[in-house]
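For reference, the structure discussed in these notes is given below.
Please treat every number below as a calculation from the coordinates, not as lab data. Model, not experiment: these values are computed from the prediction. So basically every Cβ, Gly included, is an ideal-geometry build from the backbone, and we count neighbours across all protein chains shown.
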Amino acid sequence: MKKTSIFILLLMVGLTVTPWLQSCTDLNEIVYDKVPVDKFGSTPKEVAALVAPVYNTFQAARSWNFRHLADESADMAVVPTRKGGDWWDGGQHMYTKQHTWTNNNTPLITGAYADIFSSITTCNKVLQMVQNMANVPNKEQTIAEIRAVRAFWYYYYVDYFGQGPLVTDFSVTTLPTSKTRLELFNFVISELDAVKDLLRSDVSSSSYGKMTKGAAYTVLAKMYLNAGVWAGAPQWQKCVDACNVVIGLPYVLEPDWRVSFQVKNESSKEIIMPAIYSALLGGNQIPFMTLHYLDAVALGLSIGPWNGISADPNYVKEYDPADKRLGWSFLTGPMLDPATGKVLITAHGRPLIHTVDITMYEATTNWGWCNQEDGARIWKWEIPKGLSSDLENDYAIFRLADVYLMKAECLTRLNGPNADATTLVNAVRKRAFSPEKPIALATLEDIRKERRFEMAWEQISRQDNIRFGTFLLADPGWRGASDPKHLLFPIPKDATDVNPGLTQNPGY
């Protein structure tokens, strides 16, 4: 069998039960190792299977590495070392929170770099295969989808690492050299401009989880929103224009905010682009990452949580106590034993009461250890009673509330506080207050805070902190002011060892 045929077989065996393929796939229907390579890809089912690895990369965008780098390096989250040594993890969480990372001391950075280029390689590999196939139905649209997903991953790269290699041809084996951040920025824009209107524009169960026109325009909006940082000059109006396209599509702000985070949240018309999860194929591990070991008892779960990530206390304290998103997003308070009604007791003999504050003992350079129960936990995604595996809740990479707030921010940066921007902000706030608590005239500071209240745990904190000029400021209790070099992460030593031709980011 040809090598290409073998690759197709591996795709089919590993991916025919990908969640968004389940409704149209029968594992016993076709023996794909008998399909000649020049005949494969002639049916929608085969094309869906072929492109599945490209869409599976979205899970990496909402996985371990980026969850920590996006929120922990900013002022949203913290993974403190717990009494007994849990979550010291070689110091990488301290380095991430305190901005003391190097190119070789933080596996989160090395992992994120690898996640990006593994995903780009997958896109390039599948793209080459589709381009070389003669009978692919809707071939132009399929190629557009793959190119747009690859552009999404370069958007991530521009954000986290800035300058670096541009690889678009899977057949090229020579080591790439580095492109500037502006060159990569322009590549993302040009790729999306080339394909955005070739993508499907429906908002339906059949388009869910795929790269659509709405998703591509949202990536464009993100690029333009951050152009002042990434490309050297603001492009606020272009961001507004891209947001208008998305808002004009059939997405809706769900009247019930929680619909976008429930177990079966694929029904949400607010989600523009999700990372799709399945308990059987690798699910959403948020309950494991955040809950205390005994929270499972209080919540009626059959899992073994790891007691890791908590909210930065300063972040939680910014919320209006009347904002329902405070209780929807953060788990605090006493955790009760259902059998006795009494507060559970930790292994260290302390009542399991999740506090907003995190007290660090024996602290050196604002670190040390805290009691196991300290810290508000992630509570944004519904955790059903009886859970015995990973969550199946999908994780929105983009949703409409974010687009509303992006547009409001850009309108305000262009025109100062204005009625149109205020209307957008209040539309997002409406779900969070009873009675409603609209802002009379939203300022840029109002919008900055509203993004925080609405988008907690959704990995926008680092990007927003940088754009609003707060990323390098002290985070009281955790770090002092930071060096500007930390606006970018370093190119990991693993990458420069393999390819000495890569350029390192300044200061590392």
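What the table below lists for this structure:
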item: Peptides 469-480, 484-495, 157-168 ordered by average Cβ neighbours within 10 Å, highest first; result: 157-168, 484-495, 469-480
item: Overall form of the range 247-326 per C-alpha gyration tensor (a/c, 1.5; a/b vs b/c); result: oblate
item: Highest to lowest packing among 112-119, 262-269, scored as the average C-beta count within 10 Å; result: 112-119, 262-269
item: Inter-part distance where the range 409-456 and the range 468-500 are each reduced to a Cα centre, Å; result: 30 Å
item: Reciprocal of mean inverse Cα separation for the chain (Kirkwood radius, Å); result: 23.9 Å
item: Rotationally averaged projected area of the range 439-508 (alpha carbon convex hull; nm²); result: 6.8 nm²
item: The range 282-310 and the range 366-405: distance between their alpha carbon centers, rounded to Å; result: 10 Å
item: ³J(HN,Hα), Karplus 6.51/-1.76/1.60, whole Hz, each residue of the range 298-306, x for Gly, Pro; result: 5, 9, x, 10, 10, 10, x, x, 10
item: Members of LYS97/LYS493; LYS342/LYS380; LYS179/LYS407; LYS317/LYS380 lying beyond 27 Å, as alpha-carbon distances in this model show; result: LYS179/LYS407
item: Within the range 443-485: backbone nitrogen closer than 15 Å to the ASN418 label point (7 Å, Cα to C-beta); result: 443-444
item: Loop-located trypsin sites (Lys or Arg not before Pro) in the range 366-467 whose Cβ has at most 16 other Cβ within 10 Å (DSSP); result: LYS385
